[in-house]
1. Mind listing just one residue for me: the one in the range B:230-267 that is part of a strand (DSSP E or B) and hydroxyl-bearing (Ser, Thr, Tyr) and, of those, nearest to residue B:54 (Cα to Cα)?
2. Scan the range B:280-313 residue by residue and report those that are of a type in the set (D, E, K, R) and under 18 Å from residue B:43 (Cα atoms).
3. One residue is enough: does the range B:313-323 have a residue meeting the conditions over 19 Å from residue A:180 (Cβ atoms) and open to solvent by less than 40 Å² (accessible area, probe 1.4 Å)?
4. Filter the range B:40-52 for residues that are open to solvent by less than 10 Å² (accessible area, probe 1.4 Å) and either within 13 Å of chain A (Cβ to nearest Cβ) or touching a Phe, Trp or Tyr at 6+ places or on another chain (Cβ under 7 Å) (or both); which is nearest to ligand 3 (Cβ to nearest atom)?
5. Would a scan of the range A:95-108 turn up a residue that is under 30 Å from residue B:199 (Cβ atoms), modelled with pLDDT of 90 or more and part of a loop (DSSP other than H, G, I, E, B)?
6. Across the range A:203-225, which residue is nearest to the chain's Cα centre (by Cα) among those that are within 16 Å of ligand 1 (Cβ to nearest atom) and surrounded by fewer than 20 Cβ atoms within 10 Å (Cβ to Cβ)?
7. State which residue pairs qualify: first residue in contact (Cβ under 8 Å) with a residue 12 or more places away in the chain and within 14 Å of chain A (Cβ to nearest Cβ) and inside the range B:245-259, second residue of a type in the set (Ser, Thr, Tyr) and part of a strand (DSSP E or B) in any location, beta carbons under 8 Å apart, and separation of 6 or more residues or different chains.
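The values are calculated or read from the model by the stated rules, or taken from the named source; none is laboratory data. Everything numeric in this text was worked out from a predicted model, so none of it was measured. Cβ: placed from backbone, ideal geometry, glycine included. Neighbour counts: every protein chain shown. Quick note on the areas: whole protein, heavy atoms, side chains included, nothing else; ligands and nucleic acids left out. Shrake-Rupley method; radii C 1.70, N 1.55, O 1.52, S 1.80 Å.
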Amino acid sequence: MTTEAPVKSPSTARFLSQLDMTAPPLEVRNLHVEFHTTSGEAHAVNGMNFVLSQGETRAILGESGSGKSVTAQAIMGILDSPPAKITHGEILYRGVDLLKLSDEDRRRVRANHIAMIFQDALSALNPVFTVGFQLGELFRKHRGMSRQASKAKAIELLDMVKIPAAKQRVNDFPHQFSGGMRQRVMIAMALALEPEILIADEPTTALDVTVQAQVMGLLSELQREHNMSLILITHDMGVVADVADSISVMYAGRVVEDAPVADIYARPAHPYTKALLESIPRVDLKGQELAVIKGLPPVLTNIPPGCAFHPRCRYAKDNCKVPPEPPHYDVDVNRVAACHYWREVIES
Amino acid sequence: MTDTPSKFGEVVLETKDLRKHYPLTQGIVFKKQVGAVRAVDGVNIQLRRGETLGVVGESGCGKSTLARLLVGLEQPTDGSIMLKGKDLSKVSSRDMRSVRRNIQMVMQDPYTSLNPRMTVGDIIGEPFDIHPEVVPKKGRIARVRELIDLVGLNADHINRYPHQFSGGQRQRIGIARALALNPEIIVADEPVSALDVSIQAQVVNLLERLQDEFGLAYIFIAHDLSVVRHIADRVAVMYLGKVVETGNEDEIYEHTTHPYSQALLSAVPVPDPALRGLRDQIILEGDVPSPANPPSGCRFRTRCWKAQEICAQEEPPLMVRPGSEHPSACHFAEERQVVGAVS
Ligand SMILES: Nc1ncnc2c1ncn2[C@@H]1O[C@H](COP(=O)(O)OP(=O)(O)OP(=O)(O)O)[C@@H](O)[C@H]1O
Ligand SMILES: Nc1ncnc2c1ncn2[C@@H]1O[C@H](COP(=O)(O)OP(=O)(O)OP(=O)(O)O)[C@@H](O)[C@H]1O
Ligand code: SF4
Ligand SMILES: [Mg+2]
Ligand SMILES: [Mg+2]
């Protein structure tokens, strides 16, 4: 894509001068988010930690309700508060804590630096405007481009995400696109202003497998081309294995294991990761017995003390059932697991 | 489909050229039919006692419509369904109830398929209202408790309401209800799709255990090809209302011959980073055509990399083709290894 250098206003320049370009693109430290509900405080995110390195694809994996989307929304600054409340933590973009920024700077980051793709593409697009108008709007608003120039940009973007006959389709409304095409439009919108960081929240969950393969392939290709850092939120261990460099496994709002992808699949160090890997069937294997993870995911208003996973864990001993929660033990360089018995788990 | 010898029992369910077309109408006062959605368009399947037939295919290919036809929630436009040798279109309405008792359904969504105002006991026992002959009235509660127990729930929770259970537990309630009338066949439409991965295995294992215990035959509908491989003995791959390939689990997953099945299988991500870049991934171009206006000849031809002129002109019948032992509906059917690493 060719973008003419945007005109920098003094406030933009001031914001940019704070950034430490030697710091990682994103770092989340000890993030806590609660929701005020009628049945008490729901602890959705409980000490989330991760570092996203330059050009890296980091998967955030976890089951429904484990706090993946809330983490993403906290990073984007789009949590509904109330009921949500960030009670602790830092979210560092190039060394600058986003939680301490003014609303104006926050918007600036959202527009130009960190973009997000949502799970449900149809509801994220406005049904009453053409796809071309919505794409072009970004350039009119944030780049001060003319109507004509922005439309040309929109066509260029549709081309980039491989929408056939982009010149004609640019005038279509969202409902005239298939699910896969809409998701590709969302990718185009997210990439329009060339963000450094892209957060994709279950970008293919609603799509059929053949379309999922198209969209994931496209996303990886664009990430490489634009040297973006990518956070891929998913519950699909297959998708992670295909595209991610590293992975943060979440359980009850916390990272229970963080490791390079190859290591975690070969030798999981946390009982939850291990159990997940043993419980999913594989298309390339027949007849393996599916291990069952007993019990249910935790209720967030009443998270078990000690290790939140202990009621479902086959390695649990008495010290797992009492505070404090297991710290992040160093399993290897670049690798941590929040289990007192990780040595036993990794060897078994 | 040919009658190959099988380790399973006799054929309990069979469809012949089954069709369901939904009329497309135009106009408000004077409705005029302008076409039809060919949701199910000539499906032949066979199911034996104790066997699991997996039905796979992408959204909109007609899987749920097929399920609804099989359990009688919908009437076919054409073709027939044979249940234990009886053609359902010829069964008198008086006998229909007792014939239908043999085939029950488990729904996809455990969150909406149970009536929120009924207790679990009432939900599971409801089929006895329609079929009072199955269990004498005073034995009902005992039977409901037995069913609850059978699916691994606590029988003391008989008076609880659906919202007091988790998704996986609700799906068990749906299964208990389907078992109430001692059916021989269960049609399960995406029974684990809405469940968390850590809960899926619990339900899949339960279905397998019940099958062993009661010799049940399953139609297991899913878009997750990994789950289907795990549970199915035979598989039917559907595309735009038709079965394009069918065979046993090994034939479909290791020796698939239809380009669509190959593309579908190759697109399934495998949870093993060591295989990254080593798999033969077929990325399809274009979108699924509308079932109201399917392409001429082979319905897959608009996305198929092998398509030739004949594909637009002649519809390839589902039949066993040279070089392979199972039926495939492709003029150029040819084996291709698509799951696992390319050797
Ligand atoms: N607006 C809200 N009000 C109350 N609770 C909320 C709200 N948004 C999220 N939560 C709760 O926070 C928890 C974490 O939700 P989150 O959406 O992050 O889960 P997730 O990991 O993204 O799950 P999924 O895979 O289902 O998308 C959930 O228990 C959810 O019910
Ligand atoms: N009652 C109806 N009236 C009109 N069209 C219908 C009706 N029910 C289904 N269809 C259409 O029939 C086709 C097949 O739908 P069906 O629900 O059987 O697909 P499916 O394979 O179960 O898809 P999914 O995987 O999304 O559940 C679709 O094009 C659908 O829109
Ligand atoms: S800390 Fe204990 S309970 Fe938690 S995962 Fe490890 S062994 Fe299991
Ligand atoms: Mg989410
Ligand atoms: Mg369906």
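1. Let us first name the residues in the range B:230-267 that are part of a strand (DSSP E or B), namely B:234-239, B:242-248.
Imposing the further condition that a residue be hydroxyl-bearing (Ser, Thr, Tyr) reduces the set to B:239, B:246.
Working: B:239: 14, B:246: 10 Å.
This residue is B:246.
2. B:299
3. Within the range B:313-323, one or more residues are over 19 Å from residue A:180 (Cβ atoms) and open to solvent by less than 40 Å² (accessible area, probe 1.4 Å).
4. Ranking the candidates gives B:52 first.
5. No.
6. Top of the filtered list is A:205.
7. These pairs meet every condition: B:252/B:246; B:258/B:328.
For (1) open to solvent by 60 Å² or more (accessible area, probe 1.4 Å); (2) modelled with pLDDT of 95 or more; (3) near ligand 3 (Cβ under 8 Å from one of its atoms), each residue gets a yes or a no:
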residue: A:298; (1), (2), (3): no, no, no
residue: A:302; (1), (2), (3): yes, no, no
residue: A:310; (1), (2), (3): no, yes, yes
residue: A:315; (1), (2), (3): no, yes, yes
residue: A:327; (1), (2), (3): yes, yes, no
residue: A:334; (1), (2), (3): yes, no, no
